[in-house]
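Okay, structure first, notes after.
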Amino acid sequence: GVIKVIEPVIKECSKILLTTSKNPQKPVFNHYMFECIAALIRFVCDKQYNVNNNSQNIVKFEQELMSPFFKVLEMDQASEFHPYIYQIIGLMLRIRNEIDGNYNSLFDKLLETSLWNNDGNIVAISSTFSDYLRLIKDINKFIDERRLTGMLGIYQHLLSKRTQDYHAFKILSAIFQYIPIEKLRKYLKEIIELVCIRIRQKKSTALCCNFIVTLSIFIYKNGLGELLNACNQIQTGIFGMILEKIWLAFARNVTDLLDRKIMTIAMIKMMSDAKFKSDQGLMQFFPQLINCIVEIFEAGPLQSNEHKTAEFYISKLEEQGCGNKFVGLQFAKSPSHDITKTEADPRQLLIQLIVSVIGNNQQFIQTFVQNSKPVICKAINSYAQQFNVNNFSLPVLQK
């Protein structure tokens, strides 16, 4: 019933959109116009908002919005509208939950280099790649060589921009998460090498944190072997340097809770891998990696002083206008996807790893304890108790 009331509202919004796009002058009005459209879509179509909603209602919105959206995307004078439009298209794609028609052809448009010179577009579109790759039914057919090299080209382009490397890793994370290793293998060496070059040129905490989380996604999905092979093609033993100089140095600076979970589970999976256990150069980092994981569990996320609310960005619109910058729509946010949601409690996985590697080897236990803080050993012992691991307890040295 409600869709009958909404239809004339959407028709009117489409008319207002086309009228204002000819000469955008009121950034706050424009923002709330798009927020209104996104809210209507969520309220009427999104089952996550209301389980009684019918996701098929999205067709009505697409019929009214896609044509004016594509017209506005061709208008240079309305470039400040483009990031909003890409956000709403991404929202409709997630609700539709399949790719066909306009969405199929739009993917190739997203690979055009010119789009990625607009800072607002970069933020709006980088999340959409993950939605596309997640919904593709036959990814081997859809992501051919041209499309894959196009995505990797965008990754390289964004990685070279100091202020946009975060979005380079969002695209790379989506590639690692959804595209089979058989398609990626021949590009993996260059992908890693580009990041290493970028870090040598201008290391930053954010860059290193994003790199660690992205590698974690790769390791979780594909194991350690493929990554080790690619790293050794660059330089033998370079993965050990990445562990020491980047991973251990910056892992505790990762602030997002889901990223921290993915990272710790990937670290546990990495140390469980036969390739890791058989490499003495990597096994030397075992105590440090375990200590790092426990500190992440127990210390909690660091607080960033860079967080700003939606109200902050909207107030900036009043002061300086939108231009081609990105202002997020609250009702079109792309949700996070937990690739580790089927895993057991990470602390349980950790204690299982420690027991399997250390066991009753007293020499290994002593080496581990001497290279660990007493509070870490206490925490590990508490995990053993919590998850009913019998006959295992680390000595706690007084330091």
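The values are calculated or read from the model by the stated rules, or taken from the named source; none is laboratory data. Source: prediction; values computed, not measured. With ideal geometry, Cβ positions are generated from the backbone for all residues, glycine too; neighbour counts draw on all protein chains shown. When the accessible area is computed, the model is the full protein with side chains, heavy atoms only, and any ligands, DNA or RNA have been set aside. Shrake-Rupley method; radii C 1.70, N 1.55, O 1.52, S 1.80 Å.
What the table below lists for this structure:
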item	result
Residue count for the stretch 19-66, restricted to those that are surrounded by fewer than 16 Cβ atoms within 10 Å (Cβ to Cβ) and farther than 19 Å from Arg94 by Cα	8
Selection within the stretch 42-67 - polar (S, T, N, Q), under 17 Å from Phe331 (Cα atoms) and not in a helix (DSSP H, G or I)	Gln48, Asn50, Asn53
Any hit, the stretch 334-346, residues being in contact (Cβ under 8 Å) with a residue 12 or more places away in the chain, open to solvent by 70 Å² or more (accessible area, probe 1.4 Å) and assigned to a helix (DSSP H, G or I)	no
Residue satisfying condition, being farther than 16 Å from Lys11 by Cβ and either at pLDDT below 90 or not acidic (Asp, Glu) (or both), within set Met75, Met66	Met75
Tally, over the stretch 351-390, of residues that are open to solvent by less than 70 Å² (accessible area, probe 1.4 Å) and assigned to a helix (DSSP H, G or I)	20
Which numbered condition Lys170 fails, given (1) part of a helix (DSSP H, G or I); (2) over 21 Å from Ile339 (Cβ atoms); (3) open to solvent by 30 Å² or more (accessible area, probe 1.4 Å)	(2)
Ser393 vs. criteria open to solvent by 80 Å² or more (accessible area, probe 1.4 Å) and either touching a Leu at 6+ places or on another chain (Cβ under 7 Å) or more than 11 Å from Pro287 (Cβ to Cβ) (or both)	yes
Residue check, Ile242 under 14 Å from the mean Cα position of the chain (by Cα) and either at pLDDT 95 or above or farther than 20 Å from His167 by Cα (or both)	no
Residue list for the stretch 256-273, filter: surrounded by fewer than 17 Cβ atoms within 10 Å (Cβ to Cβ) and either farther than 26 Å from Gln370 by Cβ or in contact with a Cys (Cβ under 7 Å, 6 or more places away or on another chain) (or both)	Asp256, Leu257, Leu258
Criterion (open to solvent by 20 Å² or more (accessible area, probe 1.4 Å) and among the acidic types (Asp, Glu)) met by exactly one of Asp131, Asp119	Asp119
Set Leu228, Leu215: member being more than 17 Å from the chain's Cα centre (by Cα) and at pLDDT 95 or above	Leu228
From the options Glu298, Glu319, Glu306, Glu311, residue that is under 26 Å from Asn381 (Cβ atoms), at pLDDT below 95 and open to solvent by 70 Å² or more (accessible area, probe 1.4 Å)	Glu298
Any hit, the stretch 375-392, residues being modelled with pLDDT under 95 and touching a Lys or Arg at 6+ places or on another chain (Cβ under 7 Å)	no
Complete set of residues in the stretch 63-84 that are touching a residue at least 40 places away in the same chain (Cβ under 8 Å) and of a type in the set (A, V, I, L, M)	Leu65, Val72, Met75, Ala78
Residues (of a type in the set (Gly, Ala, Ser) and buried (at least 16 other Cβ atoms within 10 Å of the Cβ)) located in the stretch 209-249	Ser216, Gly223, Ala230, Gly240
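Yes/no per residue for (1) in a helix (DSSP H, G or I); (2) under 17 Å from Leu353 (Cβ atoms):
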| position | (1), (2) |
| --- | --- |
| Gln233 | yes, no |
| Thr236 | no, no |
| Arg252 | yes, no |
| Lys261 | yes, yes |
| Lys269 | yes, yes |
